[in-house]
Every structure is written in C-alpha cells, then in structure tokens.
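Read the structure below first, then the notes.
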Amino acid sequence: MSQRVAEITHRLVSSPGGRMHLAEQGTGPLILLVHGFPESWYSWRYQLPVLAAAGYRAVAIDVRGYGRSSKPAATDSYRMLDLVEDNVSVVHALGEEAAVVIGHDWGATIAANSALLRPDVFRAVGLLSVPYTPRGGPRPSDVFAQMGGDEEFYVSYFQEPGRAEAEIEPDVRGWLTGFYAALSADTMPAPGAPDPHFVSRAGTLRDRFPIGRLPAWLSERDLDVYAGEFERTGVTGALNRYRNMDRDWEDLAAFDGAPITQPSVFIGGGLDASTTWLADAIKAYPVTLPGLVSSHLLDGCGHWIQQERPDEVNRLLIDWLAALLPDALAQRQPVLSKHVNIRVVQKGSTAARTAVEALLILRSVSHPLSAGHGVVRRGRDPVCRSAGRRWTGSRTAAGGLSGGCREGGRDCLGLTA
C-alpha cells in the first residue's frame with residue numbers, strides 16, 4: 001500500500017520524564033498510538049496516513065526509553081504509572097483534553113492502564129495483540145520464575161539488568177531480525193520446535209531464532225529504521241519496562257481486578273502466543289472490558305499485527321472509531337477540583353501516583369470534592385489526607401475503600417474509592 005510518510009510531522013514535547021518524541025499526521029479527534037517492544041513510532045507507519053485520511057489527528061509516540069524520547073537513568077523511572085503520565089502529558093502538550101488511545105504489545109498494556117487510571121483523558125481504548133488482564137494474582141516475578149521447567153521464561157531473562165543487553169547490543173540488527181522473525185506468522189518456528197519465548201539455562205534467546213529470512217512485512221529499509229535507533233540508544237531503556245513489573249503490581253494494588261469501562265476494541269493474531277496463552281483473558285472480556293465494541297482474531301497472523309496485516313487492522317480500527325458515539329470525546333468525566341491538593345505520601349511518589357490516587361477517589365464519586373478529605377495511601381494503610389490520619393472504614397466487595405476517618409467522623413465525604 002502506498003504511504004505518504006513525508007506528510008508526517010515530528011516534534012518533541014515536554015513530559016515528566018524529560019521529553020517525548022512524536023510523529024503526527026492529520027487533524028480531528030486525537031488518536032494516540034503506543035508501540036511495544038522492541039519497536040518505535042515507526043510501527044504505526046501504516047496507520048498514521050489512514051487515520052489521518054479518515055479525519056483523525058493520529059499521533060504515534062516513542063515510548064519513554066525508546067528512540068528520540070528521554071531515557072531516564074534510574075530503572076524505576078519506567079513504572080507503568082510514569083508511562084501513563086507520559087501519555088497524559090502528550091495529550092495536554094498537543095492542546096487537547098481527551099484522546100482515544102491504541103496500543104500494541106507493551107503499548108496495549110500501557111494503553112489499557114492509561115484508560116483505567118485516567119478515564120477523564122482517555123475516552124476509548126484499542127488493544128492490539130496483548131489482551132487486557134486486570135492486575136491480580138501473585139507477584140509477577142514469582143509467576144515467571146515457575147514457568148518453563150528447566151528453561152527460563154524470556155521475561156525473567158529480560159528482568160536481570162545487563163544480561164539481555166550483553167546478548168543484543170553487540171549485534172542489534174541481527175538480533176532484531178531474529179526476534180521479529182520468531183514471532184511473525186510466515187517465519188516463526190514450526191510446531192514442535194524449541195519455543196523462542198524460553199532460554200536454555202546455558203543459552204541465549206537468539207539460539208532459537210529463525211536464521212536467514214526476513215518476514216514478509218519487514219523490508220531491509222524497515223530494519224534499518226529499527227536497528228538504527230537501538231544502535232544509537234542501546235536497549236536498556238526498552239528493557240526497563242520488564243524490570244518494573246513487580247513495582248507495577250505494588251503500585252496498582254488498589255485496582256486489583258478492575259474493569260475498563262470505556263468503549264474498547266481488541267485485535268489479535270491467531271498464531272500469536274499472546275492470544276493463545278491468554279485465551280482465558282479474552283473469554284473474560286464481558287467482565288473485564290464491559291465496554292467492548294468488538295473483538296477480532298486474525299487467522300494466520302503473528303504478533304506484529306498492524307505491520308503483518310495493515311489493511312485489515314486499519315479497516316477494523318476505522319470501523320470501531322466510526323461506531324463510537326460522535327460526541328464520545330466530548331463527554332466529560334469527573335475532574336479534580338482545583339481547590340483540592342491530594343498529596344501521595346508513599347515513598348517514591350511521583351506526579352503519576354498523585355493522579356492515580358485522585359482517580360481512585362473520582363472513579364465512583366459523582367459529587368465534587370471539597371477541600372476537606374480524601375483517601376490516599378501510605379504503604380498498605382489508607383489514610384485521610386486532611387491530617388494523615390488512618391482510615392477507619394473497610395474495603396468494599398469490589399476491593400475499594402468505604403468509610404471515614406477519626407477526624408472526619410463517620411464518613412468524611414462518603415467516599416467509596
């Protein structure tokens with residue numbers, strides 16, 4: 001398909017982590033596109049012009065740690081809460097109040113959490129390849145450590161600082177070629193071959209990559225773009241996403257099992273391990289994605305779905321966007337009163353965590369907050385922000401908080417978070 005990449009505008013905008021690089025095309029309602037690992041804004045090269053032609057302002061970002069976006073040195077600067085706040089900062093930097101967010105791979109998880117934590121900004125969410133799975137269960141690193149038997153799951157492999165870098169960075173282009181091929185429908189290992197998602201105890205991931213063949217969707221020029229970025233920046237920023245999964249599990253404890261209620265769409269590949277391993281998550285969508293408009297599995301498609309099958313994905317996305325209420329982006333969600341200063345007292349708190357705690361209150365409160373009380377957390381203990389006093393209420397059946405504090409009397413503002 002013919003693409004008019006020259007019409008894409010590139011710019012840098014300020015973000016909590018420093019700066020965000022974005023590629024923009026078109027005018028109209030804002031569609032924010034979030035890529036996965038190991039990719040960049042370029043993963044959306046087939047979607048940008050199509051969305052623009054359909055009357056949308058399509059914006060693809062380099063996620064924190066990738067491409068021309070900032071790469072903070074601290075590993076814990078790549079928490080999910082920080083990436084959500086980056087997305088919010090992009091929307092506001094573009095002069096908008098709301099957007100539809102669409103993500104692929106890790107970008108799907110970032111998009112889902114953006115919709116979950118900031119429904120005031122993200123009014124609809126599209127998920128590609130990786131299904132939505134609400135926070136829950138044991139600590140992620142404990143789960144991954146039990147997978148694979150004598151072999152090691154790739155996530156555990158990526159989580160050890162420096163280890164994957166030592167494999168990837170001496171030959172970025174060769175490693176990316178093999179990784180992309182291993183998860184593409186036309187080049188993935190045959191059934192019964194060693195699974196490229198696992199590492200032998202004395203081996204590397206690339207030991208199981210296909211050799212000598214590019215997937216049909218990946219040209220030498222495309223590979224030049226991807227490899228050139230990682231050769232310039234290294235891969236630590238990208239891998240740090242995997243190294244924060246336990247922190248995410250802790251940070252998002254208040255949202256255990258929480259559904260995403262905004263209009264949504266899911267598109268997965270029929271041959272993608274993300275959809276076969278997480279088939280139960282897809283079956284659970286009536287509960288976890290009650291606003292789901294449509295769900296699609298593309299037969300014979302691998303993981304890199306919007307690049308392997310761009311025409312089908314574009315059609316499904318355009319149809320979904322057209323099916324949304326015309327004023328979906330204009331519908332106001334509860335916003336935090338300018339007179340309320342909710343401060344998160346948890347160690348290591350950031351502006352992103354402030355937003356999370358604010359939304360924790362706002363998710364089910366229909367009346368405005370006054371400058372009196374509110375629920376925040378210190379470790380596991382909810383507290384009243386008015387004087388840091390312990391909350392004396394109880395958890396609701398949905399896992400939220402209900403009750404009062406010693407200073408506020410029986411109910412503070414009657415909040416159920």
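Tell me, please, whether a residue that is within 19 Å of the chain's Cα centre (by Cα) and open to solvent by less than 30 Å² (accessible area, probe 1.4 Å) can be found in segment 316-325. Let's see the steps before the verdict.
Step one: of segment 316-325, the residues within 19 Å of the chain's Cα centre (by Cα) are 317.
After this cut, where a residue has to be open to solvent by less than 30 Å² (accessible area, probe 1.4 Å) as well, the list is 317.
Yes, the conditions are met somewhere in segment 316-325.
Note on segment 196-211: among residues that are basic (Lys, Arg) and out of contact with any Gly (no Cβ under 7 Å at 6 or more places or on another chain), the one that is surrounded by the fewest Cβ atoms within 10 Å (Cβ to Cβ) is Arg201.
Which numbered condition trips up Gly95, out of (1) of a type outside the set (S, T, N, Q); (2) outside any loop (DSSP other than H, G, I, E, B); (3) free of Cβ contacts under 8 Å to residues at least 24 places away in the same chain? Among (1) of a type outside the set (S, T, N, Q); (2) outside any loop (DSSP other than H, G, I, E, B); (3) free of Cβ contacts under 8 Å to residues at least 24 places away in the same chain, Gly95 violates only (2).
Might you check whether a residue that is surrounded by 15 or more Cβ atoms within 10 Å (Cβ to Cβ), at pLDDT 95 or above and of a type in the set (Lys, Arg) occurs anywhere in segment 227-243? The answer is yes; a qualifying residue exists. In the condition set (1) over 20 Å from Ala216 (Cβ atoms); (2) touching a residue at least 24 places away in the same chain (Cβ under 8 Å); (3) hydrophobic (A, V, I, L, M, F, W, C); (4) not in a helix (DSSP H, G or I), Ala202 is compliant with all but (2). Would you be able to say whether some residue in segment 80-90 is of a type in the set (Val, Ile, Thr) and open to solvent by 10 Å² or more (accessible area, probe 1.4 Å)? No. Considering only residues of segment 50-79 that are among the polar types (S, T, N, Q) and open to solvent by 10 Å² or more (accessible area, probe 1.4 Å), which is nearest to the chain's Cα centre (by Cα)? By that ranking, first place goes to Ser77.
Here Thr109 passes the criteria (1) without any contact (Cβ under 8 Å) to a residue 40 or more places away in the chain; (2) in a helix (DSSP H, G or I); (3) crowded, with 24+ Cβ neighbours inside 10 Å except the one numbered (3).
Return yes or no: is Asp142 assigned to a loop (DSSP other than H, G, I, E, B) and surrounded by fewer than 19 Cβ atoms within 10 Å (Cβ to Cβ)? It would help to see each step written out before you state the result.
On the way: assigned to a loop (DSSP other than H, G, I, E, B): no; surrounded by fewer than 19 Cβ atoms within 10 Å (Cβ to Cβ): yes.
In short, no.
Pairing residues of segment 217-230 that are in contact (Cβ under 8 Å) with a residue 40 or more places away in the chain with residues that are among the aromatic types (Phe, Trp, Tyr), at Cβ distances under 6 Å and at least 6 apart in sequence or on separate chains, gives Leu218/Tyr180; Val225/Tyr42. Restricting attention to segment 264-312, the residues being open to solvent by 60 Å² or more (accessible area, probe 1.4 Å), among the hydrophobic types (A, V, I, L, M, F, W, C) and in a helix (DSSP H, G or I) number 2.
The values are calculated or read from the model by the stated rules, or taken from the named source; none is laboratory data. Note that the structure is predicted; figures quoted are calculated from it, not measured. Cβ sites come from the backbone with ideal geometry, for glycine too, and all protein chains shown count toward neighbours. These area figures cover heavy atoms from the full protein model, side chains too; ligands, DNA and RNA do not enter into them. Shrake-Rupley method; radii C 1.70, N 1.55, O 1.52, S 1.80 Å.
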